[in-house]
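Take a look at the structure below.
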Amino acid sequence: MQASAEQVAISVRDLVVGFGDQVVLDHLSLDVRRGEILGLVGASGGGKSVLLRTIIGLIPKRQGRIEIMGMELEKATLQDMRSFGRRWGILYQQGALFSSLTVRQNVQFPMRENLEISLPLLDELATAKLEMVGLSPDDGDKFPAELSGGMTKRVALARALALDPEIVFLDEPTSGLDPIAAGDFDVLIRTLRQTFGLTVFMVTHDLDSLHTVCDRVAALADGKVVAVGPIANLLASEHPWVKSYFYGERARIRAHAVH
């Protein structure tokens, strides 16, 4: 069922992105609905992160249209983009924390760039964001090198939420985490979505995340979205790549489907 324009947070139409002679995204179209968690899956090197980075303007497109919250990015002025960028937050694949800054300073970084507020208020806001992702005020004094993988992801998420965005982009948020930490992170994402009404665009290969967290899943193959819908729809897909992904030897999600 097609979502109305008011229900769509991100609209991608006929998108073409490439590097040199290689076309990575080939006339791709996709909608992300407001308030949903959409998981994007695809083969390694298949263009998942390229799509995310093109949507947020880090990679130029050759063709197509991208609208976020009704604004076509190509028509946005520099000032539009600066103010508009505050409406989304990004968690990069490895966390991408600044190693020379404390956890608190990392979370404060977007605030310092965009808000004119006092240091006491900055500290108060950073502490609130850390608590939001399950970390204590004492964790704010640590440096990234002192953090576990799970804590690094939580700090990166707190930074992504620093400006109270409407949309959060997550690039492989559970990669490198053990199953317990990954499960905890999934629960956190779902709770934050329910509490704040976030729209979440999540690039992932984690089958458990797809099953437990995502409202819909989009499968990327051959530069296009070849299937999109609730997980049950993808499990029923006849597309060869989708079948091999969900029913291959390592596809533990089959066990979930049976239950």
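Can you tell me the relative contact order of the chain? Whole percent, Cα pairs under 8 Å, sequence separation 6 or more. Write out the running numbers ahead of the final one.
Values: 449 pairs, mean separation 64.1, N = 259.
Value for the chain: 25 percent.
For L40, list long-range residues whose amide hydrogen, built 1.01 Å from N in the peptide plane, is under 5 Å from its own amide hydrogen.
M202, V203, T204, A218
What aspartates and glutamates does K61 reach when the alpha-carbon gap must be under 12 Å and sequence neighbours fewer than 8 apart in one chain are set aside?
Partners within reach: D14, D26, E74.
If you find the alpha carbon centre of the stretch 146-204 and of the stretch 29-103, how far apart are they in angstrom?
Taking the Cα centre of each part, the stretch 146-204 and the stretch 29-103 sit 15 Å apart.
For D139, D21, D215, D178, what's the fewest-to-most ordering of other Cβ within 10 Å of each Cβ?
Numbers: D139 21, D21 5, D215 16, D178 12.
Listed from fewest to most nearby Cβ atoms, that is D21, D178, D215, D139.
Please give the FRET efficiency for S118 paired with L78, using the beta carbon to beta carbon distance and R0 = 25 Å, rounded to the nearest 0.05. Show your work: numbers first, answer last.
Values: r = 28 Å, r/R0 = 1.12.
Once the sixth-power term is evaluated, E becomes 0.35.
Sort L121, L192, L91 so that the residue with the fewest other Cβ atoms within 10 Å of its own Cβ comes first and the one with the most comes last. Write out the running numbers ahead of the final one.
Values: L121 11, L192 18, L91 24.
Least crowded to most crowded, the residues run L121, L192, L91.
For a distance above 31 Å, tell me the whole-number percent of Cα pairs in the chain that qualify. It would help to have the intermediate numbers written out before the result.
Numbers: 8529 of 33411 pairs.
For the chain, the share of Cα pairs beyond 31 Å comes to 26 percent.
Based on other C-beta atoms within 10 Å, arrange E166, E74, E116 from fewest to most. Numbers along the way, then the final one.
Working: E166 17, E74 11, E116 6.
Listing E166, E74, E116 from fewest to most nearby Cβ atoms yields E116, E74, E166.
When the helix-only estimate is applied to the chain (DSSP H runs of n ≥ 4, each -39,500 (n - 2.57), divided by the residue count), what is the mean residue ellipticity at 222 nm, nearest 500 deg cm²/dmol? Mind showing how you got there, number by number?
Numbers: 10 runs with 97 residues, N = 259.
Taking each H run of at least 4 residues, the total per residue is -11000 deg cm²/dmol.
For the stretch 74-178, what is the Kirkwood estimate of the hydrodynamic radius, computed as the reciprocal of the mean inverse distance between distinct Cα atoms, to one decimal in Å? Could you put the intermediate results ahead of the total?
On the way: mean 1/r = 0.0710 Å⁻¹.
About 14.1 Å for the stretch 74-178.
L234: net charge of surrounding residues, Cβ under 10 Å, Lys/Arg +1, Asp/Glu -1, itself excluded?
On the way: positive: R216, K243; negative: none.
Taking every other residue near L234 into account, the sum is +2.
Could you tally the net charge around A219, taking each other residue with its Cβ under 13 Å from the Cβ of A219, Lys/Arg +1 and Asp/Glu -1? If you can, show how the numbers build up before the last one.
Numbers: positive: K48, R216, K224, K243; negative: D222, E238.
Summing Lys/Arg as +1 and Asp/Glu as -1 gives +2.
All of the numbers you see were taken from the coordinates with simple rules; none came from a lab. It should be emphasised that the depicted structure is a prediction, and the values quoted were computed from it without experimental measurement. Reconstructed Cβ throughout: ideal geometry from the backbone, glycine too, with neighbour counts over all protein chains shown.
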